[in-house]
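The values are calculated or read from the model by the stated rules, or taken from the named source; none is laboratory data. Quantities reported herein were computed from a predicted structural model and do not represent experimental measurements. All Cβ positions, even for glycine, are placed from backbone atoms using ideal geometry, and neighbour counts span all protein chains on display. Surface areas here come from the heavy atoms of the whole protein model, side chains and all, with no ligands, DNA or RNA. Shrake-Rupley method; radii C 1.70, N 1.55, O 1.52, S 1.80 Å.
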Amino acid sequence: MAVQTFPNEIVFFDLETNVPNKAGQHFHILEFGAIIVCPRKLEELESFTTLIQPKDLSVVSIRSSRSDGITRAKVTNAPSFEDVAEKIHGLLNGRIWAGHNIRRFDCVRIKEAFAEIGKAAPEPSGIIDSLGLLSDKFGKRAGNMKMASLAAYFGLGVQKHRSLDDVRMNLEVLKHCATVLFLESTLPNHLEGKWQTSSKIMTRSRSNYQIAQRAMPYSKGSLEKMTQNVKNLLSKAQGNQTLQSLINHSHSLLR
């Protein structure tokens, strides 16, 4: 495989796999999705997704409990990992890897998959794991910090557990978290810990499908109310020109 490096580009990626239910059963990649992002503007430069047929089709469920879940029928005619390995290598190699819980899961599965076909795995120029990053910077305000819980916290909809959809949700979650942290850092004594309300929404755990309640920080799907509250606070502390620059910047992060 040709070796190319893009050390300043970020590739957000996500894998969907089977869930081993027998002792000794391995994870098999069933879907790969990635978007290459410009780090300066967070614009999407390129995207790619593909279903992947495992060597053993019996590891894939005949039916899925999710409305758009991956079933055995969907991957029966999909390419094998070896068929798409060169494309995946080209997307990942030499770029900054980003994703949710990728250090412990996705990175490991990628290396395993390339080892199985006897080819060198791609190497990142750096890794951004949003699970560790947000747990450290954003705290536990969104509960267990799974992607479904973070998306519910910000009113971004239900996680689909399909690779490209989850990648784009991951990026939107990061934008929202960055905006809240940016605003809080401006007036920490006024804003830190002020976003949560008693509103509740329901999320579904990926591992056991148990329903749990998560607090929403503001009206579902919008930062309007939060921005207005910030504007009111900042109006008392700063001039209008500085205020408008701040609001414009926070809005630009969410585009």
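Protein heavy-atom accessible surface, 1.4 Å probe, per residue over the stretch 10-187: 46 Å². Principal semi-axes of the equivalent ellipsoid, √(5λ) from the alpha carbon gyration tensor of the stretch 10-187, are 29, 19, 14 Å from largest down.
Each residue of the stretch 128-142 was assigned a 3J(HN,Hα) from its phi angle through the Karplus curve 6.51 cos²θ - 1.76 cosθ + 1.60 (θ = phi - 60°); the sequence is 10, 9, 5, 5, x, 4, 6, 4, 6, 8, 9, x, 9, 5, 9 Hz, with glycine and proline shown as x. Within the stretch 10-187, how many lysine pairs that are 8 or more places apart, or on different chains, have C-alpha atoms less than 18 Å apart? Count of close lysine pairs: 14. Normalising by the residue count of the stretch 10-187, find the relative contact order in percent from Cα pairs under 8 Å and 6+ residues apart. For the stretch 10-187, the relative contact order is 23 percent.
The portion of the accessible surface of the stretch 12-116 made up by carbon and sulfur, rounded to a whole percent, is 48 (1.4 Å probe; DNA, RNA and ligands excluded).
Dipole magnitude for the stretch 10-187: about 460 debye, using +1 per Lys or Arg Cβ and -1 per Asp or Glu Cβ, origin at the Cα centre.
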